[in-house]
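Heads up: the structure comes next, in structure tokens.
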Amino acid sequence: MSAAGSRLELRQVEGRHLAMGLALPYLAARQPFAAFQAGDLTRTVAGQILRGHYLMAFEGARLVGYLGWACYSPEDAASYARSLQAPPDARADGQGVVWLLTAAAGSPQALGAMLAQGRARYGGWRVMGVRHRRNGRVVVFDQPIRARGRRP
């Protein structure tokens, strides 16, 4: 439940054009995505949607969160972490590492729910990604995916 009392629903939408039509304006209205080049953001989100590597959070008919990723082999993910250059799109459907590319949510509950569903889907894999700090520093994170409440 959200603070407003409406039910949070996580899902992919029917049809890639509708998914892109919902995701792109939502992301473009939020930092850091508002500062991205339109072509870069569109290509990234289109790839996520075409591969089925995305999740949307809704409260009623209102979009309140988007999560998008790529799946890489451990070798491709390690190369990406070293160079900060993404592997070719053709290799973004690999096995072993979920690379978080796009995360935006209107509430901590929406973000938490999307991440929890991702943990359930990819348990036993690793999750990696890049965080851009306000001071301009770029940090790569890498951690195992564990179901919430489970101990290693």
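The values are calculated or read from the model by the stated rules, or taken from the named source; none is laboratory data. The model shown is predicted, which means the values in this text are computed figures rather than measured ones. Because the Cβ atoms are built from the backbone with ideal geometry, glycine has one as well, and the counts that use them run over all protein chains shown. Heads up: the accessible areas ignore ligands, DNA and RNA and are worked out on the full protein's heavy atoms, side chains in. Shrake-Rupley method; radii C 1.70, N 1.55, O 1.52, S 1.80 Å.
Pairs meeting the criteria (first residue in the stretch 17-31 and touching a residue at least 24 places away in the same chain (Cβ under 8 Å), second residue in a helix (DSSP H, G or I) and β-branched (V, I, T), beta carbons under 6 Å, at least 6 apart or on different chains) are A19/I49; M20/I49; A23/V45. Every residue in the stretch 130-145 that is open to solvent by 60 Å² or more (accessible area, probe 1.4 Å) and under 20 Å from Q117 (Cα atoms), please. Scanning the stretch 130-145 gives D142, Q143.
When the stretch 109-127 is filtered for residues that are closer than 13 Å to G68 by Cα and in a helix (DSSP H, G or I), the ones remaining, listed by number, are L111, M114, L115, Q117, G118.
The numbered conditions (1) surrounded by fewer than 18 Cβ atoms within 10 Å (Cβ to Cβ); (2) at pLDDT below 95 are all true for L50 except (2). Taking F33, is it within 14 Å of the chain's Cα centre (by Cα) and either of a type in the set (K, R) or farther than 19 Å from V98 by Cα (or both)? Answer is yes for this residue. Could you look through the stretch 53-62, keep only residues that are crowded, with 19+ Cβ neighbours inside 10 Å and more than 10 Å from the chain's Cα centre (by Cα), and pick out the one that is farthest from A92 (Cα to Cα)? So, considering only residues that are crowded, with 19+ Cβ neighbours inside 10 Å and more than 10 Å from the chain's Cα centre (by Cα), the one farthest from A92 (Cα to Cα) is E59.
Tell me whether the stretch 69-76 contains one or more residues that are over 14 Å from the mean Cα position of the chain (by Cα), modelled with pLDDT of 95 or more and more than 16 Å from A90 (Cβ to Cβ). Looking through the stretch 69-76, at least one residue is over 14 Å from the mean Cα position of the chain (by Cα), modelled with pLDDT of 95 or more and more than 16 Å from A90 (Cβ to Cβ).
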